[in-house]
Amino acid sequence: MRCIDWADGAVRLIDQTALPAEERWLEITDPDKLVDAIRRLAVRGAPALGAAGALGVALAAQRGDDVRGAAGRLRTARPTAVNLGRGVDRALARLADGPDAVLAEARAILDEEAKACRAIGERGADLLQRNRPLRLLTHCNTGWLAAVEWGTALGIVTVLHERGQVELVYADETRPLLQGARLTTWELAAQRIAHRVVVDGAAPSLIARGLVDAVVVGADRIAANGDVANKIGTYPLALAAARAGVPFVAAAPESTVDAGTPTGESIEIEERNPAEVAAGPAYNPAFDVTPADLVTAVVTERRTVRPAGGETL
C-alpha cells in the first residue's frame, strides 16, 4: 500500500492527521488543496513530500492550470524537506513535453522512492544486526506513511523484525503533533512489533541507562558534510547516544541528500504556528540539525557513509 498515489485523475493520500482514530483517504483534485494538505501535515515525511510535490505539478498540468504558479506554491509549502522542491522541479522539467510526460515523471518518483526504501531497510539492517535481538529507539514517524511505501528508519526496523532481530522498539511521542505516538505506534502495532511510547524528554535518559542498543531516525535534509536535519528533538538523542557509545543512524533515500547545502547551518528551519504548543507566545521549530560528528552512519539505498569518522556525502 502507498500513502500517496495517483488514481483516476486525482492525488489520493491517507490523511495522517486523522490517525490512529480514523483511516481517512483524501481524493485531491485541486493543487492548492494539496498545498494545504502539505502544510497541515495530512501528508508528511521527506520521500512522501517529494512525491506530493511532483504529483501536485502533474495535477496542475492535467487541469490546464498555471503550472508554474502552482509549482511555486507547492515548493514553498514546507521549506526544510529538500525532497518537496526536488519533486516539484523534476516534474516541472517535463512540462514542455506535455501533461502526460509530467505525470509519468511523478509516477517515476513514486516508484523510485518505494524501491529505495526497501534497499535502505536491508542495508540498515545489515549494519545493525547482532547475535541477539535489539532494543531500538526511533523518533517521529519514518514508516510507509512518511515514505510512499515501506519506510526509511522504520523500514530498517521492519527488516530486522523479519529477521527476528527486534526485542523492543521505543517510539518517541514526538511533540507537538505526536507523530511517534500516533503514527509510528500504529504502524508497529500493525506489524505486531513489540513497542513502547516514550515521552520525548525521557528518551535521552533511556539511552544513558543502557536500555537502547541503537537510535535509528529519518531525515528531511542531509547536508554535504553529513549534518542531518530531522524532526525537532533528534539532536538530544544524538548527544545521548554519543555519550553512551550507542550507534546513531540516519536513514534516508539519496533524494534527501543535498550536495548543494554544505553544512547544517545553511538549512532553513521551519517554524510552525505557536498555537500547536501553547495558547500564548511560543517558539515552535519543526526541525533541528544534528552535527555530522554525532552521526555514526547515514544509510541510503546506495551507500553507507560514516560522518562521525570524517566521511562526507
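One line per residue, one yes/no per condition, for (1) farther than 23 Å from residue 146 by Cα; (2) touching a strand residue (DSSP E or B) at 6+ places or on another chain (Cβ under 9 Å); (3) surrounded by fewer than 24 Cβ atoms within 10 Å (Cβ to Cβ):
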{"site": "207", "(1), (2), (3)": "yes, yes, no"}
{"site": "223", "(1), (2), (3)": "no, yes, no"}
{"site": "235", "(1), (2), (3)": "no, yes, yes"}
{"site": "241", "(1), (2), (3)": "yes, yes, no"}
{"site": "254", "(1), (2), (3)": "no, no, yes"}
{"site": "262", "(1), (2), (3)": "yes, yes, yes"}
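Hey, any hits in the range 110-117 for a residue that's at negative phi, touching a Phe, Trp or Tyr at 6+ places or on another chain (Cβ under 7 Å) and part of a helix (DSSP H, G or I)? Yes: one or more hits.
Values quoted throughout were computed directly from the atomic coordinates according to the rules given, and no laboratory measurement underlies them. Because the structure is predicted, anything quoted here is derived from the model rather than measured. Heads up, the Cβs are rebuilt from the backbone with ideal geometry, glycines too, and the neighbour counts pull from every protein chain shown.
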